[in-house]
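Asks: This is the structure, below, for whatever I ask next.
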Amino acid sequence: MALLIQARTQMAASASLRRLIQSGGLSNWPFALKMAFCPALAMMVIVGMGLHGILAADDQAALVRAVVHHDLTVAMHLSESATDLEEINSSLYRLTTLQASKTWNLNVTSEIERLVAQTSELADHVGAEARDLGADEGKSDVQQAAADILIYRDAIDVFGSMLEIDFPSAVEFFRPFDSNAKKVLGLINTIADRSIMSASNRAEVSTHIAERIRLTLAAASVAGFLVLFGTAAVLTRSTVGSVKRIAAATDKVAQGCSEVNVEALARGDELGTIVRSLAVFQANVSQIAFLAHHDSLTRLPNRVLFRDRIEQALARLDRDPGFAVLCLDLDRFKIVNDTLGHPVGDELLRQVANRLQACVREGDSVSRLGGDEFAIISLNVVDPAAVDRLAARIIEIIGSGYEIDGHQISIGTSIGMALAPADGSASSVLLKNADTALYGAKANGRGTSCFYEPSMNAALQLRRETEVGLRQAIAQDEFQLHYQPFVDARSHCVCGFEALVRWQHPVEGLISADRFIPVAEASGLIGAIGQWVLRRACRDAATWPNGIKIAVNLSPSQFKDKNLVGGVREALAASGLAANRLELEITESVLMHDSRAILEILGEIKAMGVQISMDDFGTGYSSLSYLRSFPFDKVKIDQSFVRDLPGDMNAMAIVRAIVGLSLTFGMSVTAEGVETEAQAEQLQLEKCDLLQGYLFSRPVAAANVSALIERLEKASRQLTGV
């Protein structure tokens, strides 16, 4: 839309100056010769017409300036409105695409709220424009545009409400409003046309100015038949030359040439008004052209220009080496925006853009595709290892700290890379494959880079199918809980059960957690699944004999939910389960990021009487510091240390050290993965408190728990002789 307004305004301005020349202003110098034969009449014309022409010219010059300012203001405001509307449409398209694919962790609610707010601001902006217009300047059309934008805003709001609940219905609901957006754009086109009609008035004003100048010069020529006639001829020829130069400059500017030196044409007479108008026009044309192909925040090329540069690089492949396309996504940027505000986030994006430009070579291209997404074209790639080194350098530099408005900020980036022509010979294919590789990098733990591989498409498709299936499973209650007991190391008496979630897939049957939990964590579905597991486990455990505990695993992603503590409290209240019968198990990875905030949450949960266990102890990082920083109730020894007992002395030493540390800190110890009597006996000798593994039972369905308790209790009585 901005480019359409630009083109139409260019044509109007060019036509205005052409009409000025064709009207004969200043070029009809034989008129002075005719008036030389009537000196008496000419003297009267000098007094009357000369003064009138000069005064009228001044008035008309002022009118031209006002018209120019008005037209350019309307054009620029319409361009801004069109750009805003296009950005909203683009964001909706991107949101719909990503929501369909669920290939990244997107907060749909906050994104929809942002778009609704942005649409409201656009409606207010257009409405304000309507209040400043007269009835003959399209006031009613602008008011209609503002009303349609408000309708569009309401549609976005409804669409957002439906999006996560029923995605296909949301898309079907929103499709009719696409025509509403086109209607708004059509109204803006109509208003733009009216602005151009106003621009044509400027041409008429310019013609009047030329006529006044012609009459003034003609009257002046009468003052002297020989000297003044010659002076008028010279002046006329000079002025006509200036007008022609102005017309030529206008045509070049209208064709998009940015190298025209309009200032060199500056004059002090009435023609200077046109020159000044042309200078303003040229500056606005250049600005509109720049914004059409660049990001207004970082000044980097946008997606449109980036695709064009990929096409140019593809066209040179027959004579140049290959090139690489890198897609980057900032890690933890959303947290910065949410906690420190958008001004800090915008400055962070500008600093990231500067760092990226410093990383690449001359001739390479850095672009911002939108949000926190950037892309790079690395030309003349002979060795893929060079691209890998570039990605590693970018990850290191982007990961260095930032200081903005007194805030110390730490972010990271993940990078996906595609090589041309090996990974594609079209810009859309290369971008798609680089984006696929980016998701592969995120799946590897973020802060990494990854080259595209054809197998990624199959893996991504499987991931998408799993995500869609999980959403259906949540809606149709397709999950089940199985329970595995942990027993006293000496008596083998049942002390509690660990809840293990299973997915009863309608086609594939029972699916274990390790196949779908990673997808649930990446897609943001783990919160709903985790709350269901907690509520169901507490409800089932409340029916067991008193003293038997229930252990529930918490995913690191669940700690992002501000209602986690409230969810635990509600699960206990709804089930009637005593808080001291509930154990929540976390892994060391939970404490890797923002450990202070996590420890505060754990403290609130522990204050209820719930016990906290550290699962898979020794397989993460900084375990000892975590044992000191939080009073865990239990430590679980990972099965990787139990598997080789009792023969592996190294494994024995590790188990002995963990038990010793736990006893020092007053924590009980559970050993996982116990499968043999020899392992159980050795762990008992090492003073482990609890044992868990296939030796005692595999996980069983909730309906079989009572029978399992009875069987294990009978075995315990036989073991102890009680």
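Values quoted throughout were computed directly from the atomic coordinates according to the rules given, and no laboratory measurement underlies them. As the structure is a prediction and not an experimental result, all values here were calculated from the model. We place every Cβ from the backbone using ideal geometry, glycine too, and count neighbours over all the protein chains shown.
Asks: In whole percent, what relative contact order does the stretch 476-720 give with Cα contacts below 8 Å and a gap of six or more residues? Please list the in-between numbers first.
Replies: Working: 407 pairs, mean separation 53.6, N = 245.
Reported relative contact order: 22 percent.
Asks: Using the Karplus curve 6.51 cos²θ - 1.76 cosθ + 1.60 with θ = phi - 60°, what ³J(HN,Hα) values do you get for each residue of the stretch 659-665, in whole Hz, with x for Gly and Pro?
Replies: Along the stretch 659-665, the couplings run 4, x, 4, 5, 5, 4, 8 Hz.
Asks: In addition: Would you mind checking 442/636; 687/714; 432/560; 334/634 for any pair whose Cα atoms are more than 26 angstrom apart? Could you put the intermediate results ahead of the total?
Replies: Details: 442/636 29 Å; 687/714 23 Å; 432/560 30 Å; 334/634 35 Å.
Pairs exceeding the cut-off: 442/636; 432/560; 334/634.
Asks: For the stretch 394-479, give the magnitude of the charge dipole about the Cα centre (Cβ charges: +1 Lys/Arg, -1 Asp/Glu; no others), in debye to the nearest 20. Don't jump to the answer; show the numbers that get you there.
Replies: Details: 6 positive and 10 negative charges, 35 e Å.
Charge dipole, the stretch 394-479, about its Cα centre: 160 debye, nearest 20.
Asks: Can you list the residues, at least 5 places off or on another chain, whose amide H is less than 5 Å from the amide H of residue 322, using H built in the peptide plane?
Replies: For residue 322, whose amide H was placed from the backbone, the distant partners under 5 Å are 381.
Asks: Within 10 Å of each residue's Cβ, count the other Cβ atoms and sort 549, 560 from fewest upward. Kindly include the intermediate steps, with their values, before the conclusion.
Replies: Numbers: 549 19, 560 15.
So the ranking, lowest neighbour count to highest, is 560, 549.
Asks: Right, something else. Add +1 for every Lys or Arg and -1 for every Asp or Glu among the other residues with Cβ under 15 Å from the Cβ of residue 697, and state the total. Don't jump to the answer; show the numbers that get you there.
Replies: Working: positive: 698, 711, 714; negative: 488, 498, 672, 675, 677, 710, 713.
Net charge in that neighbourhood comes out at -4.
Asks: Ordered by residue, what ³J(HN,Hα) values in Hz, to whole numbers, does the stretch 333-339 give under the Karplus form 6.51 cos²θ - 1.76 cosθ + 1.60, where θ = phi - 60° and Gly and Pro are x?
Replies: 5, 4, 4, 4, 4, 6, 9
Asks: Considering Cα pairs under 8 angstrom that are at least six residues apart, work out the relative contact order of the stretch 303-453 and quote it in whole percent.
Replies: 30 percent
Asks: Evaluate the distance, in nm, between pseudo-label points positioned 7 Å from the Cα of residue 410 and of residue 293 along their respective Cα→Cβ axes.
Replies: According to this spin-label approximation, the distance is 4.1 nm.
Asks: By how many nm would the segment from residue 604 to residue 169 grow when fully extended, if each residue of separation counts as 0.36 nm and the alpha-carbon distance is taken off? Present the calculation step by step, with values, prior to reporting the outcome.
Replies: Values: separation 435, 0.36 × 435 = 156.60 nm, distance 4.05 nm.
Separation in residues times 0.36 nm, less the Cα-Cα distance, equals 152.5 nm.
Asks: Under the Kirkwood approximation for Rh and a Cα-based Rg, what ratio Rg/Rh is obtained for the stretch 297-405?
Replies: Values: Rg = 14.9 Å, Rh = 14.8 Å.
In the stretch 297-405, Rg relative to Rh is 1.00.
Asks: While we're on this one: Below 8 Å, C-alpha to C-alpha, sequence gap of six or more: please give me the relative contact order for the stretch 500-549 in percent. Walk me through the numbers on the way to the answer.
Replies: Details: 20 pairs, mean separation 9.8, N = 50.
Reported as a whole number, the value is 20 percent.
Asks: Here's a follow-up. Show me, bin by bin at 5 Å from 0, the whole-percent P(r) of the stretch 508-614 based on Cα pairs.
Replies: 2, 12, 23, 25, 19, 12, 6, 1, 0
Asks: Per residue, how much space in cubic angstrom lies within the convex hull of the C-alpha atoms of the stretch 476-720?
Replies: On the way: hull volume 32.0 nm³, N = 245.
Considering the Cα atoms of the stretch 476-720, their hull volume per residue is 130 Å³.
Asks: So for 376, 411, fewest C-beta neighbours within 10 Å to most, what's the order? If you can, show how the numbers build up before the last one.
Replies: On the way: 376 25, 411 20.
Going from sparsest to densest Cβ surroundings: 411, 376.
Asks: Sort 601, 394 so that the residue with the fewest other Cβ atoms within 10 Å of its own Cβ comes first and the one with the most comes last.
Replies: With the sparsest Cβ surroundings first, the list reads 601, 394.
Asks: Give, as a single signed number, the net charge of other residues whose beta carbon lies under 14 Å from the beta carbon of residue 317, with Lys and Arg counted +1 and Asp and Glu -1. The partial results should precede the final answer.
Replies: On the way: positive: 309, 316, 319; negative: 311, 318, 320, 423.
Net charge around residue 317: -1.
Asks: Here's another thing I want to ask about it. Whose amide H sits under 5 Å from the amide H of residue 448, counting only residues 5 or more places off or on another chain, with H placed in the peptide plane?
Replies: 415
Asks: Given Cβ point charges of +1 (Lys, Arg) and -1 (Asp, Glu) and nothing else, what value in debye, to the nearest 20, does the dipole of the stretch 303-453 about its Cα centre take? Show your work: numbers first, answer last.
Replies: Details: 16 positive and 21 negative charges, 21 e Å.
Dipole magnitude for the stretch 303-453 comes out near 100 debye.
Asks: Say the dipole of the stretch 303-453 comes from +1 at the beta carbon of Lys and Arg and -1 at that of Asp and Glu; which of 400, 342, 370 then lies farthest toward its positive end?
Replies: Sorting the options by dipole projection puts first 370.
Asks: Now for a different question. Compute, for the stretch 476-720, the length of the dipole vector about the Cα centre, with Cβ point charges of +1 (Lys, Arg) and -1 (Asp, Glu) only. Units Debye, rounded to 20. Let's see the in-between values first.
Replies: On the way: 23 positive and 30 negative charges, 112 e Å.
Around 540 debye, computed over the stretch 476-720.
Asks: Taking amide H positions as placed in the peptide plane 1.01 Å from N, state which residues far from residue 498 in sequence (5 or more) or on other chains have amide H under 5 Å from it.
Replies: 484, 486, 551
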